[in-house]
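Asker: Sharing a structure here in C-alpha cells format.
The values are calculated or read from the model by the stated rules, or taken from the named source; none is laboratory data. The shown structure was predicted, so the numbers you read here are calculated from the model rather than taken from an experiment. Cβ placement follows ideal geometry from the backbone for every residue including glycine, while neighbour counts extend to all protein chains displayed. Ligands, DNA and RNA are excluded from the accessible area calculation, which covers all protein heavy atoms including side chains. Shrake-Rupley method; radii C 1.70, N 1.55, O 1.52, S 1.80 Å.
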Amino acid sequence: MSVFSSINNRLWLTYVLLIGFVLAAAFAGIVVAFRNSPLLYWKEFVRLNYVTDSLANRLNYYSESKWSGSIKSFLGERELPDVRVIIVDDVGYPTVDSGGSQKAEFPRIKPSEAFVRSEGNIRVFRDQGTQYWFYQIRPINDSYFLIAAVPRPSIQIRTIFQDELLKPLFRVGLIALAFAFLISWFIARWITRPLKNISNSAKQLALGDFPPITLEGPSEVQQLASVINEMDMKVRKSLQSQKEFAANVSHEFKTPLTSIRGFAQAIIDGAVETETDKQHAAQIIIDETGRLDFLVNDLLMLARLDAGTMILKKSKLEVNQVIENVLEKFKFRIGKKSITIKKKYDEQSLVYIDGERMAQVFTNLLDNAIKFTQVGGQIEITSQIEKGFVRVSIMDTGIGIAKEDVGRIFNRFYQVDKSRYRGNDKGVGLGLSIARQIVLAHEGEITVTSGLGKGSCFMVKIPLAHEK
C-alpha cells in the first residue's frame, strides 16, 4: 500500500505543497526585490557619500588648476580606482574628468537643478555601452559641482544569499516552514480523525456491531456522521422489522397449518368416525386453507407494491360511488349491529384511480370501523374537495386506539388488540399496511387520529382527476 493512499497523508502532503509553494513564491519575490533594491548596493553608496563629501570639502581649499591632481591623489591614496570623479560648471560642461577619454561618456546634465531635485541622493544612469552607473552630486562652490560615479556592480544570486540582510530572512523562512509542516500534520489529523472513526464504525457494522458515531470535526464530516447514524437506525429498524416479519409470517402460517395437519391426521388415523365429524374436519381444513390463500395473496400484493411492480388499472371514477359500492357489501353487518351511517359527500369528486384497489382500501377501513364499533354506534363518512385533492374521512364511535399504538397500526402484522376477534373474524394485521401502500401508489396520503374510548378517524387524500 502506498504511503500516500490514506487521506491523512494526502491532506498533509497537500498542505506541505501549498505551504512550500507559497514560501517559494514569497522567497523568489524577496530575491527579486533584493536584486533590484538599493540595499544590495549600500557599500557603493557609502563610498560615493565618502568621496563626494570628502572631495567637495577638500577641493574648496584648492585652486581650479590643482583640482585634477588633487582628485587623482585622493583616489590613489584611498585605492578607489573604479570611482570616477567629474567636475562640471553650472551649465553642465565638464572641466575635470578622472576617467579620461577611455571612460564612457557621462550624460550632459545641469548640476544645479539635478542637485536640487535629488537632494544629494544617489542617482543612476546608463551609458551608451549599456553600463549602469551610480552617481552623486555635491556643490564645490557657487560655480562648480562635483559628480562622483561608480559602475553598478552585477549581483549574482549566490551573492544575494550571502547578504547580511537576507540570511536572517532565509533562516526565519526555514523555521517557519518546519513549523508549517508540523501544524499541517496536526490539522490533517484533526480533519481525518472523525473520518477514521466513521471508517472504524463501518467496519464494525460489517461485523454486526455499530455504536453511534460521535459528531465531531468540520460541519461536512459531522453531517456525514449524522447521516450514517440515521442510516444505522434505519438499518437496525429494517433488520428488526425483517425479524418480526419472519416471526409473524411463521406464526400466521403455523397456526392454520397445524390445524390442517391435525385434522388431516385425525381423518387418516380414523379418529374421526362419524360423518358429521368428518364434515366438520373437512370444513376446518378448507377454512384454514382459504386463510392461507388470503395471507399469501396479501403478502404477494405487498411485495409488488413495495417493488413498484403492481399494475394499477386507473380510470376516471366518482369516489363517492366507489364508497357507496363498498357500503353495499356491509349492509347486513351494519344492520346486525344497528350502526347508524351518516354521509356527507361533495359533488363531482372525480379521481383517477384503480377502482378495484381503492375499493379494497375503503373495504378495509369500513371493515375495521364496523368491527370495533359497539352495537348502536355511529360511522360518519365524508368526502371533501380541497386544493386539488379529495379527502375521504371515515370516523367511528368505536373503542379507539391508544396513543402509543397510533403510530404503529400501519406496520405489517401489527394488531392493536390481539386478544379479541378470534376465529373467523380474526385478521393478520396486513390490511392497513396494504391500504397505505395502495394510497401511496396513487400519490395520496392516509392518516389516522384516535384515542381510547373516543373512536377513530381515518383520512384518505387522493389527487383529483383534473390535476393529473
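Asker: Using 0.36 nm per residue, how much length does the chain from Gln378 to Lys454 gain when fully extended, once their Cα-Cα distance is taken away?
Answerer: Length gained, Gln378 through Lys454: 26.2 nm.
Asker: Same structure, new question: Take each of the peptides 57-69, 352-364, average the number of other beta-carbon atoms within 10 Å over its residues, and list them starting from the highest.
Answerer: 352-364, 57-69
Asker: A 32 angstrom limit on the alpha carbon distance is what I want to check against. Which of Lys314/Lys403; Lys234/Lys254; Lys254/Lys344; Lys196/Lys237; Lys344/Lys403 exceed it?
Answerer: Lys314/Lys403; Lys254/Lys344
Asker: Follow-up question, since we're still on this one. Carbon and sulfur atoms: what percent of the 1.4 Å accessible area of the range 245-391 do they account for?
Answerer: The C+S portion of the solvent-accessible surface of the range 245-391 is 55 percent.
Asker: How big is the gap, in Å, between the Cα center of the range 299-345 and the Cα center of the range 365-418?
Answerer: If you average the Cα positions of each part, the centres end up 13 Å apart.
Asker: Taking a probe of 1.4 Å, how large is the accessible area per residue of the range 260-350, in Å²?
Answerer: 69
Asker: Summarise the long-distance tail of P(r) for the range 221-363 by giving the % of C-alpha pairs beyond 26 Å.
Answerer: 59
Asker: Mind jotting down the distance between the C-alpha centroids of the range 266-281 and the range 431-448, whole Å?
Answerer: So the separation of the two Cα centres works out to 44 Å.
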